[in-house]
1. Between residue 62 and residue 212, what is the spin-label point distance in nm, taking each point 7 Å from the Cα along the Cα→C-beta axis?
2. In angstroms, what radius of gyration and Dmax does the stretch 94-166 have, counting Cα atoms only?
3. For the chain, what ratio Rg/Rh do Cα atoms give with a Kirkwood hydrodynamic radius?
4. Test of the criteria: in the stretch 96-172, which trypsin sites (Lys or Arg not before Pro) are in a DSSP loop and have at most 16 other Cβ atoms within 10 angstrom of their Cβ?
5. Run the numbers for residue 188 and residue 22: contour at 0.36 nm per residue of separation, minus the present Cα-Cα distance, in nm.
6. Assuming 1.567 mPa s and 4 °C, estimate D for the stretch 1-100 with Stokes-Einstein, Rh taken as the Kirkwood radius over Cα pairs, in µm²/s.
7. Can you compute the modelled spin-label distance between residue 54 and residue 82, with each label point 7 Å from Cα toward Cβ, in nm?
8. Counting only heavy atoms of the protein chains, get the accessible area per residue of the stretch 1-86 (1.4 Å probe) and round it to a whole Å² value.
Amino acid sequence: TLYNTYSFFTLYANIDKFNYSESEIEISERPEIDRWILSELNTLIKNVDRFYSDYEPTKVARSISDFTVEILSNWYVRLCRRRFWKGEYELDKISAYQTLYTCLITISKLAAPIAPFFMDKLFLDLTVNVSKINEESVHLTTFPTSNHSLIDDNLERKMKYAQKISSLTLSLRAKEKIKVRQPLNKIMIPVSNVDQKNAIEAVSELIKNEVNVKEIQLLE
């Protein structure tokens, strides 16, 4: 999955000649989905750092794998594909490239101690055309540090609801043999408190698009 994500990135980055030469786009100016994945990335850095300190390489591997498969590939890249496809090389597309590049280069550094050869190859392939990075190996770089100002617990919680509800709804569709292309009238979701209700309402449009339903009814 990591290699496929890298391949997706390089396919479009080569077409648009992206080499990270543009100025860094301020986090506050990036779309919410970019801010979300960077929040998840910094949470991952924090957890991985702790697991290494506790001599728990298995937990390191599992957390990096979960992030790469479930969060980066299955959610972020899939939802953002159109941003890479569309023609205009402007702010939104550059933000998508910078964000995905940051995730990939950080993963190569986080996993380098437990997958030294693959991560070094990934790092070198990612940096060959990027002039601002001149280290000869991932093993000569500084280990990432978590930027706590980029961690948004509320945003992460909202997206987790979106992922969970979408997954459950798609499972129900599969069980009842109702294809996703067939629109459904509504889904009903029980909520236990106001915070949960507000979080789900904030991502309701995303859920509706994911599972092809017209309405989400929250049952208090």
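1. 3.6
2. 15.0, 44
3. Here Rg/Rh amounts to 1.00.
4. 132
5. Going from the current span to full extension adds 55.2 nm.
6. Answer from the Stokes-Einstein relation: 89 µm²/s.
7. Taking the two extended label points, one gets 4.1 nm.
8. Here the residues of the stretch 1-86 average 53 Å² of exposed surface.
The values are calculated or read from the model by the stated rules, or taken from the named source; none is laboratory data. These numbers were taken from a predicted model, which means no experiment stands behind them. For neighbour counting, all protein chains shown are included, and Cβ atoms are generated from backbone atoms with ideal geometry for every residue, glycine included. Areas reflect the complete protein model, heavy atoms only, side chains present, ligands, DNA and RNA absent. Shrake-Rupley method; radii C 1.70, N 1.55, O 1.52, S 1.80 Å.
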